[in-house]
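Some notes on the structure that comes next.
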Amino acid sequence: MNAAASDPLAQLYLHHHGWLRGWLQRTLGNPGDAADLAQDTFIRLLCAPEHLAERQGGWQLREPRAYLTVIARRLMVNLHRRRALETAYLEALALLPEAQAPSAERQAILLETLQQLDAVLDGLDAKVRAAFLMAQLEGLGYAEIARRLAICERTVKRYMVQAMARCILLADGL
């Protein structure tokens, strides 16, 4: 018996990859993005620590297509968010005078940094994210943030601690 026949994840891939890629292509209308997201979906499963131990003991999904669809939808949201961020960044760059525009290499580095920050902030509650962005991008003080969000200043402080802790934790993992 070959390794693929005994590995539940390999079986899942063999039985459902084509279906997932087709579903993504119909949903996205782009065969390249569909192929990439289908592969990314299975990579997520392969790298998921909670499944690694279970796979040795006969791990198997009861509803594989539903599970794959949930993962793929999350990846689609991330793809759309990254593209929207990239579009906004490129539009902002287009407004700069040519002499002030960063080099192509610097632009790529800045875009990657923006995407990493977006990923960090994505895991935060909406009000925590809003407070953090108001402080970091607009330079607002805690009292003004509290007023805008209709919360007390102590809550703003707590939100900032949450946001900074998340940034530090994720920066350590990069």
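None of the figures in this text is laboratory data; all of them are computed from the coordinates on show. As the structure is a prediction and not an experimental result, all values here were calculated from the model. Here the Cβ positions follow ideal geometry from the backbone for every residue, glycine too, while neighbour counts run over all protein chains shown.
Numbers below:
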read-out: Tilt relative to the chain, helix 104-122 - C-alpha long axis, 0 to 90 degrees, to 10; value: 80 degrees
read-out: Cut-off 14 Å between beta-carbons: net charge of the residues surrounding residue 125, Lys and Arg +1, Asp and Glu -1; value: +3
read-out: On Cα atoms only, tilt of 64-95 relative to the major axis of the chain in degrees; value: 30 degrees
read-out: Most fluctuating residue given options 150, 130, 35, as computed from a GNM of the chain linking Cα atoms under 10 Å; value: 150
read-out: Residue with peak Gaussian network fluctuation, the chain [Cα springs, cutoff 10 Å], from 135, 104, 84; value: 104
read-out: Ranking of 124, 14 by count of other Cβ atoms within 10 Å, fewest first; value: 14, 124
read-out: Gyration tensor (alpha-carbon) shape descriptor, region 62-174, a/c threshold 1.5; value: oblate
